[in-house]
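Single-structure report; data block below.
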Amino acid sequence: MPDLVLRAATLIDGTGAEPLRPGQVTIRDGKIAAVGAPGRRDPADAEIVDYGDATLLPGLIDAHVHVQFTAGPDHPTTRGIHMGASDAERIATAIGNAQRGLATGVTTMRDTGGYLTLNMDVRDAINDGHVIGPRLLVCGAPITTTAGHLHWCGLRADNRDEVVEAVRTMAEAGADFIKVMATGGMMTPGTSPGMTQYSEGELQALVDDSHRLRKQVAAHVLGTTGCIMAIDAGVDTLEHCSWLDETGQHGAFRFDAEAAARISPATQSVHMTVGAGSRDYVRGVDHLDEMSESDREELYERGRYHRAMRASGTPVVVSSDAGVMTTKHDEFALTVIAAAVTLDLSPVEAINITTYAPASTIGLGEVTGALKPGLAADVLVVEDDVGENICCVADPIAVYLGGREVARDRRLLAA
Ligand SMILES: [Zn+2]
C-alpha cells in the first residue's frame, strides 16, 4: 500500500512540544513513519490528504471509562439499568459506547470496571475485527468488598486470600490491568466514600500479586485515608484521588501534601476524573475567553489539589469516568477543555495530559498517544488551530485508528 500523508495548517504531536505550522504525518502500514513540515521527501505514489486550516493531533485517550454504564440522569438510574440488564445487553451497550467515543476522537479507552469478564469479550471482538472500536484496555470487574462500591459488578473479595484470588481470576480471564475499590464510592448507596474498604495488608497483597503477574493496579480512591494507603501500597494509578475527609461529602477535603509527596513519579500517577459536573461549564463555549469570570473561578477551584500535586512533580493525567451519571462517552472533548481551566493548562498541555501522558501512565507509551515515528497512526483531525483555541478539540473532522480512517464528522465509517 502506498504511504498516506495527512497535512494540516497545525500539528500538535501530544508530547508537549510546540505546534508545527504547517505539519504532516506520513503513515505506512498503520504506523507513523514520519512527522514534519509538508513536502520534499514524500514518495511519488503517496496518497496525500490536505485538511487545510485544521489541526492534526494524536487520538485522545480516556483512561477511566465504564463502557457498560449508560450515563443516566442520576446514579440510581444508571446503576438500575446496569443491574437489570442481561449480559447481552451489557455487551451491546459497551460496544455502542466504545464506538461513540471513537467517532468523536477517543482512539484509546481504558475501562475501569464492568460486569465480571464481559469487557474482555468486547475488547477481543474489537481486536478480532468483528466490530469497530477503539483500543480498549479492560480490567473485567473491579475488586470490591461485599456491600462495597460497585459490588453489583460481581467480584467481591473480603480478606487477604480472597483479594489475591480475585486478582488471579481476572488475570486468568485476560484482564489488561487490575482495578480495586480502595474506598467507597458515590454510585453505590451504603458505601462510605471517605472510608477505606481494605486493610493495608489486604491492599498490599493485592498490589504484590498483581505486580507478580505484571499487571498494573488502578485504585479507586476518594477518601484521604484510602489515597494514602494506595500510595504506600504502590498502586500504579490513583483514580480520582479526591482527598475527601472521613465524612466523604463533596467539598469536605483533607489534602495531605506529605502523603502526596510520597507518590513515586517513575511508577505512580494520579488520574483526575473530569466528568459532567465540570463539562457543563464549557458546554457550548467556543472560546475560553467567552466564559464568565465566576464560571472560570468555580471550575478552576475544582482543580486545587490536583494542581498542587502537579506543581510538586506528581504525574497527573485527566480522564472522564464516562458512563457514570450524565458523563457521556462522546463528550470527552469537553473534559479536555474543562481540564485546561481546572488545571490551568495551555492547549498544548491539555492535549498532552489527555494523549501521550496517559498513554505513558497506562503502559502504552510505546504503542500510541503521540504523533511520533514508530507509534500507531491514531490521529484526530479537528477544525481550526487547537494550539490557539482548545475548544476546537470538540469539532472533529476525521479520526484515524492504526492508519485507517474510521470516522468522519462524528460518524463511524462502515468497515
Ligand atoms: Zn469510575
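If you sort Glu202, Glu297, Glu258 by accessible surface, 1.4 Å probe, largest first, the order is Glu258, Glu297, Glu202. Just to be sure I understand: of the beta bridges DSSP finds with both ends in the chain, what percent are antiparallel, rounded to 5? DSSP beta bridges in the chain are roughly 45 percent antiparallel. Computed over region 60-361, the quotient of the alpha carbon radius of gyration and 2.2 N^0.38 Å is 0.92. The calculated 222 nm mean residue ellipticity attributable to helices in the chain amounts to -8500 deg cm²/dmol, summing -39500 (n - 2.57) over DSSP H runs of n ≥ 4 and dividing by all residues. A 1.4 Å probe run over region 38-113, with the rest of the protein chains in place, finds 37 Å² accessible per residue. A straight Cα-to-Cα reach below 19 Å connects Lys179 with the lysines Lys215, residues fewer than 8 places away in its own chain not being considered. Where Rh is the Kirkwood radius over the Cα pairs of region 250-403, the temperature 25 °C and the viscosity 0.890 mPa s, what D in µm²/s does Stokes-Einstein return? Calculated translational D: 150 µm²/s.
The phi torsions of region 270-285, fed into the Karplus equation with coefficients 6.51, -1.76 and 1.60 and a -60° offset, translate into couplings of 9, 10, 6, 9, 10, x, 4, x, 7, 4, 4, 5, 10, 4, x, 7 Hz, rounded to whole numbers, with Gly and Pro shown as x. Residues whose amide H lies under 5 Å from that of Thr107, counting only those 5 or more places away or on a different chain, are Leu60; hydrogens are built 1.01 Å from N in the peptide plane. With point charges of +1 on the Cβ of Lys and Arg and -1 on the Cβ of Asp and Glu, referenced to the Cα centre of the chain, which listed residue (Leu206, Leu6, Ala266) lies farthest in the positive direction of the dipole? The residue sitting most towards the positive pole is Leu206. Computed in the context of the full set of protein chains, the accessible area of the chain at 1.4 Å probe radius has 48% of its extent on carbon or sulfur. Check the straight Cα-Cα distances from Lys372 and name the lysines below 25 Å, setting aside those fewer than 8 residues away within the same chain. Here the lysines satisfying the reach criterion relative to Lys372 are Lys31. Can you bin region 356-415 into rounded, prolate or oblate? Criterion: square roots of the alpha carbon gyration tensor eigenvalues sorted a ≥ b ≥ c, rounded for a/c under 1.5, prolate for a/b above b/c, oblate for the rest. Oblate is the answer for region 356-415, as a/c is 1.5 or above yet b/c matches or exceeds a/b.
The values are calculated or read from the model by the stated rules, or taken from the named source; none is laboratory data. Quick caveat, the model's predicted, so the values are computed rather than measured. Here Cβ is always computed from backbone atoms with ideal geometry, including for glycine, and neighbour counts include all displayed protein chains. Remember, those area values only see protein heavy atoms, side chains included, never the ligands or the DNA or RNA. Shrake-Rupley method; radii C 1.70, N 1.55, O 1.52, S 1.80 Å.
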